[in-house]
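Peer 1: If you scroll down you'll find the structure; I have some questions about it.
The values are calculated or read from the model by the stated rules, or taken from the named source; none is laboratory data. What you see is a predicted model, and the numbers here were worked out from it, not measured in a lab. Glycine also receives a Cβ, built like all others from the backbone with ideal geometry; neighbour counts cover every protein chain displayed. Side chains are part of the model used for accessible areas, which takes the heavy atoms of the whole protein and leaves out ligands, DNA and RNA. Shrake-Rupley method; radii C 1.70, N 1.55, O 1.52, S 1.80 Å.
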Amino acid sequence: METELKQPRSLSSCIKAGYSFFITNFKSIFSATWLSALVYAITVAFLCLLIVPSATLVNAANGDIMTTIALIILVVILYFAASVWFATNVVGIFNGQAFKSNMHKVIIVALIYGLMAFVYSFLHGFTSGFFFGIAGFKVTALSAVMTGIINLLLLAVYIIVIVPFMYSAFKYIMQPEEKAKAILGKNYVVGLRHWGFLFSVGFVVTILTTIVGVIVFIPFLIIFAAQSVSQLGAMDGDATGMPGYFPYLMFFVSIITFFALTYLMIFIYSVQYYVYGSIEAREEEKRKFIIKKDNGAENIVY
């Protein structure tokens, strides 16, 4: 597999190879991930129940706020734990390393990515609040335009920064000897050199998976919207107009939806696996060319 992996590939070849890997090995992939994927989907379904407007949850919070907060914190902790478990099992499919080692790497990568996302979100929120405050805490045409322009620039910078991370993080996961500092160090620089290739593959795969994801997501969105409207009305004192089993239906549909989406994520990782291999092959060819060139120069000198 290592010999097959490290080959220079085009954008379409990486996607095709990733798809072939995913389909060919689906049985073993499913066997290695189904339980963690199911637990992950269940925790996301619980999060959805907490996110959707709920008269029951509001009444519970009014009655015992500390218990409600504790419940929310517990669900969030379980969600992160399930996410790490699932991601660790997925990583093991590609690098074949021990679970403990992979879990450590997954947590490191998640923390770095989380920090990047936090900085972006903070700047996004700060910018919006800044122009909103300048406008006297009123939405004006000027504040809306300025906020939109700055946020677009921030998004562009975020994309520029995050794209090389796709390669450096994957190499850290794949190579046992790689150090965490290389994620934002030498390997990140390599990712910068291949920024266009990484962005092109990411852009195309995002479009493809979004199309499939939307189709899978439609039943959940319909039920989620219906439940939200119903509960908002209930909080205003109206009758819900929904059968009593509807929250359970939403929970069940959420599990099915997010369980299916986990395998869409694994397909994305499969493509990224071959993108990583392609860049590694190109870098190896570059190193060989430099060595050959240097040897040729030495022969000329002597």
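Peer 1: Counting just the residues of region 156-183 that are open to solvent by 70 Å² or more (accessible area, probe 1.4 Å) and within 22 Å of PHE203 (Cα to Cα), which one comes out nearest to the chain's Cα centre (by Cα)? Before the answer, list the steps.
Peer 2: Residues of region 156-183 open to solvent by 70 Å² or more (accessible area, probe 1.4 Å): 157, 160, 176-177, 179, 181.
After this cut, where a residue has to be within 22 Å of PHE203 (Cα to Cα) as well, the list is 157, 160.
Values: VAL157: 18, ILE160: 16 Å.
In this case the residue turns out to be ILE160.
Peer 1: Another one. Considering every residue within region 195-206, establish whether at least one is in contact with a Lys or Arg (Cβ under 7 Å, 6 or more places away or on another chain), within 22 Å of ILE93 (Cβ to Cβ) and open to solvent by less than 60 Å² (accessible area, probe 1.4 Å). Reasoning before the result, please.
Peer 2: Step one: list which residues in region 195-206 are in contact with a Lys or Arg (Cβ under 7 Å, 6 or more places away or on another chain), which gives none.
Among the residues of region 195-206, not one is in contact with a Lys or Arg (Cβ under 7 Å, 6 or more places away or on another chain), within 22 Å of ILE93 (Cβ to Cβ) and open to solvent by less than 60 Å² (accessible area, probe 1.4 Å), which makes the answer no.
Peer 1: Do you know which residues across region 169-220 are touching a Leu at 6+ places or on another chain (Cβ under 8 Å) and over 16 Å from PHE267 (Cα atoms)? Can you show your working first?
Peer 2: Our first condition is that a residue be touching a Leu at 6+ places or on another chain (Cβ under 8 Å); within region 169-220, this holds for 191, 197, 200-201, 204, 209, 212-213, 216-217.
If the condition is that a residue be touching a Leu at 6+ places or on another chain (Cβ under 8 Å) and over 16 Å from PHE267 (Cα atoms), then GLY191, PHE197, SER200, PHE217 are the ones that fit.
Peer 1: Okay, moving on. Which of the residues that make up region 168-188 are under 20 Å from GLY114 (Cα atoms), without any contact (Cβ under 8 Å) to a residue 24 or more places away in the chain and not in a loop (DSSP other than H, G, I, E, B)?
Peer 2: SER168, LYS181, ALA182, ASN187
Peer 1: Please tell me if MET103 is part of a helix (DSSP H, G or I) and either of a type outside the set (A, V, I, L, M) or at pLDDT below 80 (or both). Step through it out loud before you land on a result.
Peer 2: On the way: part of a helix (DSSP H, G or I): yes; either of a type outside the set (A, V, I, L, M) or at pLDDT below 80 (or both): no.
No; evaluated as a whole, the condition is false for this residue.
Peer 1: Within region 165-188, does at least one residue satisfy the condition of being charged (D, E, K, R), over 21 Å from LEU11 (Cα atoms) and in contact with a Lys or Arg (Cβ under 8 Å, 6 or more places away or on another chain)? Outline the logic, then answer.
Peer 2: Step one: list which residues in region 165-188 are charged (D, E, K, R), which gives 171, 177-179, 181, 186.
Next cut, over 21 Å from LEU11 (Cα atoms) only: 177-179, 181, 186.
Subset that is in contact with a Lys or Arg (Cβ under 8 Å, 6 or more places away or on another chain): 178.
Yes, some residue in region 165-188 is charged (D, E, K, R), over 21 Å from LEU11 (Cα atoms) and in contact with a Lys or Arg (Cβ under 8 Å, 6 or more places away or on another chain).
Peer 1: In the set PHE224, PHE246, PHE220, which member is aromatic (Phe, Trp, Tyr) and either open to solvent by 40 Å² or more (accessible area, probe 1.4 Å) or at pLDDT 95 or above (or both)?
Peer 2: Details: PHE246 fails: either open to solvent by 40 Å² or more (accessible area, probe 1.4 Å) or at pLDDT 95 or above (or both); PHE220 fails: either open to solvent by 40 Å² or more (accessible area, probe 1.4 Å) or at pLDDT 95 or above (or both).
Step by step, each of PHE224, PHE246, PHE220 is checked, and only PHE224 is aromatic (Phe, Trp, Tyr) and either open to solvent by 40 Å² or more (accessible area, probe 1.4 Å) or at pLDDT 95 or above (or both).
Peer 1: At pLDDT below 75, open to solvent by 40 Å² or more (accessible area, probe 1.4 Å) and not acidic (Asp, Glu): does that describe LYS138?
Peer 2: On the way: at pLDDT below 75: yes; open to solvent by 40 Å² or more (accessible area, probe 1.4 Å): yes; not acidic (Asp, Glu): yes.
So LYS138 fits the description; yes.
Peer 1: Taking region 57-74 as the search range and keeping residues that are under 33 Å from the mean Cα position of the chain (by Cα) and either farther than 18 Å from LEU47 by Cβ or exposed (fewer than 14 other Cβ atoms within 10 Å of the Cβ) (or both), which one is modelled with the lowest pLDDT? Even if it seems obvious, please write down each step before you answer.
Peer 2: Just the residues of region 57-74 that are under 33 Å from the mean Cα position of the chain (by Cα), to begin with: 57-58, 60-61, 65-74.
Those still in the list that are either farther than 18 Å from LEU47 by Cβ or exposed (fewer than 14 other Cβ atoms within 10 Å of the Cβ) (or both) too: 65-67, 69-70, 73-74.
Working: ILE65: 69, MET66: 75, THR67: 73, ILE69: 79, ALA70: 82, ILE73: 89, LEU74: 91.
If we take residues in region 57-74 being under 33 Å from the mean Cα position of the chain (by Cα) and either farther than 18 Å from LEU47 by Cβ or exposed (fewer than 14 other Cβ atoms within 10 Å of the Cβ) (or both), then ILE65 is modelled with the lowest pLDDT.
Peer 1: Still on this structure, I have one more. What's the number of the only condition in (1) open to solvent by 40 Å² or more (accessible area, probe 1.4 Å); (2) closer than 30 Å to ALA144 by Cβ that ALA117 fails to meet?
Peer 2: (1)
Peer 1: Here's something else I'd like to know. Please go through region 1-25 and give me each residue that is open to solvent by 80 Å² or more (accessible area, probe 1.4 Å) and either part of a helix (DSSP H, G or I) or at pLDDT 95 or above (or both), ordered by number.
Peer 2: GLU2, THR3, GLU4, LYS16, TYR19, ILE23, THR24
Peer 1: Here's another thing I want to ask about it. Return the residues of region 145-154 that are open to solvent by 40 Å² or more (accessible area, probe 1.4 Å) and either touching a Phe, Trp or Tyr at 6+ places or on another chain (Cβ under 8 Å) or modelled with pLDDT of 95 or more (or both); say none if nothing qualifies.
Peer 2: To start, the set of residues in region 145-154 that are open to solvent by 40 Å² or more (accessible area, probe 1.4 Å) comprises 145-146, 149-150, 152-153.
MET146, ILE150, listed by residue number.
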